[in-house]
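Just below is one structure, and these are the notes that go with it.
The values are calculated or read from the model by the stated rules, or taken from the named source; none is laboratory data. Worth saying up front: this structure is predicted, and the values here are computed from it rather than measured. Every residue, glycine among them, receives a Cβ derived from its backbone with ideal geometry; neighbour counts consider all protein chains shown. These area figures cover heavy atoms from the full protein model, side chains too; ligands, DNA and RNA do not enter into them. Shrake-Rupley method; radii C 1.70, N 1.55, O 1.52, S 1.80 Å.
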Amino acid sequence: MTTNRREFLKTTAVVGGGLTLGVFLPAQLDQAVAAGTLHTPNAWVHIADDNTITLLSARSEMGQGVYTSMPMLIAEELGVDIRKIKVEIAPVAPVYTNALLGAQITGGSTSVRDGWDKLRIAGAQVRTMLVNAAAARWNVDAAQLRAADGKVTGPGGRSATYGELAEAASKLPVPKKVTLKEAKNFKVIGKPTKRLDTAYKVNGTAEYGIDVKLPGMVYASLEQCPVIGGKPTSFDAAKAKAMPGVTAVVQIRDGVAVVADTWWHAKKAREALAVQWDEGAVARIDNASMQDGIRNAKDATIPIKKTGDAKAALNSASKKLSAEYWSPLLAHATMEPQNFTASYKDGKCLVIGPAQFQQGTQGNVATAIGLKPEDVTVKTTFLGGGFGRRLEYDFAVQAAEISKAVGKPVKLLWTREDDTTHDFYRPMALHRMAGGLDANGKPVALTLQLTSQSISQRAFGLPKGTLDPFMAEAAVVGYDIPNMTQELIEHDSGLRVGYWRSVSHALNAFANESFIDEMAAAAGKDPYQFRLALLDKQPRFAKVLKLAADKSGWGKPLPKGHYRGIALMEGYDTYMAQVAEISVDKDHAIKVHHVWVAADLGQMINPDTVEAQLQSSIAFGLSSALGAEITLDKGRVQQTNFHDYPVLRMNEMPKIDVTLVPSTEKPGGIGEPATALIVPAVANALFAATGKRVRQLPLSAQHIQSA
């Protein structure tokens with residue numbers, strides 16, 4: 001199911017247009033407002049009489065730390081201890097739209113970048129309103145008052161807590177202009193801070209979608225066609241219904257669901273359905289046909305950027321080289337399999353679960369079960385991993401359809417096998433690269449042509465031929481090469497695709513940074529020095545590159561059998577360099593021993609979380625570099641679980657050294673760039689180790705042998 005972007009925005013705008021702040025609140029907060037004990041100065045900050053401050057976070061928590069970074073922004077301007085702030089995930093409302101993505105979406109490393117001004121302004125507004133309320137109460141000039149440590153103080157020793165002032169403050173007009181703290185005065189922002197949600201997750205009180213329980217709830221397991229998009233033509237409902245605990249068998253648009261008193265009963269009975277399928281068009285697809293389609297794509301090229309005349313410079317170059325790089329389909333493999341709980345009753349539907357795209361979930365559930373969007377309430381739980389998979393809402397729609405069919409609250413839970421075989425996969429991609437060197441080995445030309453599938457076109461219906469910005473990420477390098485051309489070809493391979501952690505950075509950085517290494521080798525130069533010589537006009541790039549090289553001891557002797565590779569990239573306004581140290585055994589298995597990361601992401605909010613994000617990103621990226629790959633045979637995904645779609649294990653995790661550049665530049669995103677950059681860093685180290693340039697991921701023994 002897809003959402004037309006224009007219709008989606010139009011619908012959500014109509015839904016939200018008449019809402020008041022009170023309607024935005026989760027139920028428990030709404031009750032407190034009704035009782036007069038909670039006060040709402042603006043859509044984000046709520047202060048109770050007992051001084052409890054609640055932040056409504058517009059971004060989902062999926063491990064990236066928004067339960068801490070978002071309140072830090074508020075706490076800085078409010079002048080309160082961050083541990084005094086509670087966090088609730090915001091419901092669906094236009095006010096919570098992510099300005100960088102155009103909808104209420106968590107993704108694209110945008111949480112802090114979007115919240116940086118927005119939440120600090122919200123905190124400063126509340127601080128100003130509290131001060132104004134105290135000034136009115138004491139009949140003094142507001143300029144004489146000070147807000148800090150959760151209270152407002154004034155002349156004559158007057159003092160009032162935020163809770164005591166909150167009701168009066170919430171009745172004052174919201175100031176349009178407020179003064180934000182200067183970076184030199186920060187007491188919270190930029191300080192390493194332990195995560196507020198760790199205790200919930202350790203003691204088991206954090207509610208993930210898989211934990212949700214509703215009164216009278218039943219469980220569902222859904223049999224979907226082994227070929228994505230296929231439809232059931234017949235099945236044995238009688239046999240399934242006769243099995244223990246089964247209460248219903250219902251057909252929905254995506255398959256046949258068994259409903260039972262426990263999930264295990266539903267799962268066991270599902271195996272008895274014996275569904276026959278119309279497998280549809282995807283059954284004609286396999287890896288070879290997808291690669292042929294991409295290689296022979298005749299679609300028009302779409303320019304990304306052009307500098308100078310790369311074609312002429314290539315023709316006159318002293319040395320020319322070209323190469324093709326292939327990236328495979330990848331699954332998201334979230335630790336928590338897809339699930340959602342739905343309760344349909346009397347023309348209303350409540351859906352609860354792990355969502356990255358609340359408005360899309362609301363709108364598409366409503367369409368699927370014949371309701372208006374305002375009749376669908378979305379409650380977001382913690383996410384057991386997102387990585388872009390939960391930007392989709394197929395499982396939420398399925399839960400709602402089943403609940404409507406059986407008239408009861410239903411928890412739908414996919415198996416790991418369902419998840420691996422019915423993902424929205426990172427698209428397959430082909431990069432055609434060409435470069436030219438002058439007589440001194442200096443680059444004079446570089447071209448990149450990416451052929452792949454547009455996820456945004458699939459998800460939002462972008463007009464064909466429109467540049468999808470999520471295909472162009474990291475396509476343009478920061479090196480000073482006088483003649484460069486970057487362009488793409490959008491080619492629909494026939495399989496549904498989705499946003500995957502770091503999106504097209506992971507595709508383009510692999511090709512670009514591997515090929516720059518090829519150019520360095522062709523020039524007979526050290527790959528670090530070759531890059532550095534091209535960065536005179538790019539101080540942020542040059543700084544992180546030098547830091548990574550220096551910290552790793554680049555150029556110094558290594559243990560026997562160890563080799564290094566280096567890579568550089570900008571992503572989501574973050575500048576980053578990585579050095580990977582590896583060894584390769586006789587069976588061509590790669591061991592990554594050590595990774596050095598240097599990053600300039602502007603103003604850091606919580607350096608502790610930044611380092612954790614870098615570590616997790618490298619683990620995620622290494623999984624794709626070393627072994628993960630989705631393949632198709634007659635439309636069927638051949639991988640099913642972690643045994644044949646491996647993710648990095650703890651004993652495979654390298655040592656990681658992180659160097660962060662202090663900066664007051666606007667914050668950049670940190671949840672994804674390192675995922676993309678570790679891949680070319682390891683590929684370049686592999687070339688140093690073996691002399692083989694592996695241009696097809698993953699960097700498996702098979703691909704190393706055939707390189």
Original post:
How many percent of all Cα-Cα pairs in region 385-524 sit more than 18 Å apart?
Top reply: 64 percent
Original post:
What number, in percent, do you get for the relative contact order of the chain if the mean sequence gap of Cα pairs under 8 Å and at least 6 apart is divided by its residue count?
Top reply: 14 percent
Original post:
Counting only DSSP beta bridges with both residues in the chain, what percent are antiparallel, rounded to the nearest 5?
Top reply: 75 percent
**OP:** Using the heavy atoms of the protein chains and a 1.4 angstrom probe, tell me the accessible area per residue for region 44-187 in square angstrom.
**Re:** 40 Å²
Original post:
From the phi of every residue in region 487-502, what ³J(HN,Hα) in whole Hz does the Karplus formula 6.51 cos²θ - 1.76 cosθ + 1.60 yield, where θ is phi - 60° and glycine or proline is x?
Top reply: 8, 9, 10, 8, 9, 7, 7, x, 10, 5, 10, x, 5, 10, 2, 6
Original post:
Given labels modelled 7 Å from the Cα in the Cβ direction, how far is it in nm from Lys86 to Ala183?
Top reply: 3.5 nm
**OP:** Please report, in Å, the Rg and the Dmax of region 578-707, where both are computed over Cα atoms only.
**Re:** 16.3, 53
Original post:
Considering only protein heavy atoms and a 1.4 Å probe, what is the carbon-and-sulfur percentage of the accessible area of the chain?
Top reply: 52 percent
Subject >> Additional length obtainable on full extension of the chain from Gln705 to Lys194, 0.36 nm per residue less Cα span >> reply: 179.4 nm
**OP:** Using a 1.4 Å probe and counting only protein heavy atoms, arrange Ser403, Ser289 so the residue with the most accessible area comes first.
**Re:** Ser289, Ser403
**OP:** Working from the alpha-carbon coordinates of region 320-468, get Rg over Rh, Rh being the Kirkwood radius.
**Re:** 1.19
**OP:** Have a look at region 142-220 and give its Rg and Dmax from the Cα atoms, expressed in angstrom.
**Re:** 20.9, 65
Original post:
Excluding ligands and nucleic acids, what accessible area in Å² is computed for Met433 using a 1.4 Å probe, to the nearest 10?
Top reply: 10 Å²
**OP:** Mind ranking Ile121, Ile89, Ile74 by accessible surface for me, highest first, 1.4 Å probe?
**Re:** Ile121, Ile89, Ile74
Original post:
When only alpha-carbon atoms count, how far does region 176-314 stretch along each of its three principal axes, as whole angstroms with the largest first?
Top reply: 69, 55, 33
Subject >> Surrounding net charge for Glu77, when Lys and Arg each add one and Asp and Glu each subtract one, Cβ distance under 13 Å >> reply: +2
Subject >> Gain on full stretching of the segment that runs from Ala242 to Arg295 - 0.36 nm per residue minus C-alpha separation >> reply: 13.9 nm
Subject >> Lys692-Lys464 pseudo-label distance in nm [points 7 Å out on the Cα-to-Cβ vector] >> reply: 4.0 nm
Original post:
Under a 1.4 Å probe, what is the accessible area of region 496-632 per residue, stated in Å²?
Top reply: 32 Å²
**OP:** Roll a 1.4 Å probe over the protein chains and send me the accessible area per residue for region 427-485 in Å².
**Re:** 31 Å²
Original post:
When each pair of different Cα atoms in region 443-588 is counted once in the 1/r mean, what is the Kirkwood radius in angstroms, to one decimal?
Top reply: 17.0 Å
Original post:
Can you work out the base-10 log of I(q)/I(0) for region 258-346 at q = 0.26 1/Å, using the Debye formula on its C-alpha atoms alone?
Top reply: -1.34
Original post:
Once the chain is represented by equal point scatterers at the alpha-carbon sites, with solvent omitted, what log10 I(q)/I(0) does the Debye formula produce at q = 0.07, 0.08, 0.10 Å⁻¹?
Top reply: -0.52, -0.68, -1.02
Original post:
What is the Cα coordinate range of region 408-489 on the first, second and third principal axes, sorted by size from largest, in whole angstrom?
Top reply: 74, 29, 18
**OP:** Calculate, in nm to one decimal, what Trp264 and Thr664 gain on full extension: separation in residues at 0.36 nm each, minus their alpha carbon distance.
**Re:** 138.7 nm
Original post:
Going by accessible area, probe 1.4 Å, with all protein chains left in place, what is the ranking of Trp554, Trp264, largest first?
Top reply: Trp264, Trp554
Original post:
Could you give me the ³J(HN,Hα) list for region 460-472, computed from phi with Karplus coefficients 6.51, -1.76, 1.60 and θ = phi - 60°, whole Hz, x at Gly and Pro?
Top reply: 10, x, 4, x, 4, x, 7, 5, 7, x, 7, 9, 9
**OP:** Can you give me the three principal axis dimensions of region 484-570 from its C-alpha atoms, in Å, biggest first?
**Re:** 49, 34, 26
Original post:
Okay, helix-only estimate at 222 nm for the chain: each DSSP H run of n ≥ 4 adds -39500 (n - 2.57), divide by all residues, round to 500 deg cm²/dmol; what do you get?
Top reply: -10000 deg cm²/dmol
